[in-house]
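J.: Sharing a structure with you now.
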Amino acid sequence: MMDAIGAMSSWVGALSRGGVLMGHEEEEGAILAHEVLGTARLEELREWFSSQTRDVVERERRGAVHACIWMAQADRELATDEIELLERIIEGSELPPKVQEELAGAIDEPLELEDIAEELTQRGLRELVLGLSWQLALADGALDDEERSAHEELAEVFGVDEDRADEIRESVLA
């Protein structure tokens, strides 16, 4: 599970480089991203990233990481391995050091959902992050009602309907 989370989070970096894969972990991430989005929607996401300015790409990446942090905080009990996973996601984000430092601080104090939704606007990336956040919820081996509810809230603020959110959760478990 931990390798899958790292792989999927690294795929955000690959997408922002126009889909150029930089290693084995990103290849694994591509497979997971394909499971969540499918071929056509994944290609649309790659094209979207390649057509955006650096500022937009950075904002979307930052939003993706903030969403993961928010989801990890859902049960308000961050285990050491969850903190390590978040740190790994932050390091793999390819964001500037100052932004990574701010994100590391957000581990203790996550953004509000509405603020995250303002940063993370691209629909395909929102769905990909829902998949990643579901993996984060499952990372400690215990899924509780708070985590399930938090994932549903995240889907709602991202504008992803209940049926699609269920499909995303199922694709992550496959």
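J.: Could you pull out the trypsin sites (Lys or Arg not before Pro) across segment 76-174 that fall in loop regions by DSSP (anything but H, G, I, E, B) with no more than 14 other Cβ atoms inside 10 Å?
T.: ARG76
J.: I would also like to ask the following. Mind listing the long-range amide H neighbours of LEU95? Cut-off is under 5 Å, sequence gap 5 or more, other chains count too, H placed in the peptide plane at 1.01 Å from N.
T.: The answer is none.
Rule-based calculations on the coordinates, nothing more; no lab input. Since the model is a prediction, treat every value here as computed from it, not as a measurement. Counting neighbours? That spans all protein chains shown, and the Cβs are built from the backbone with ideal geometry, glycine included.
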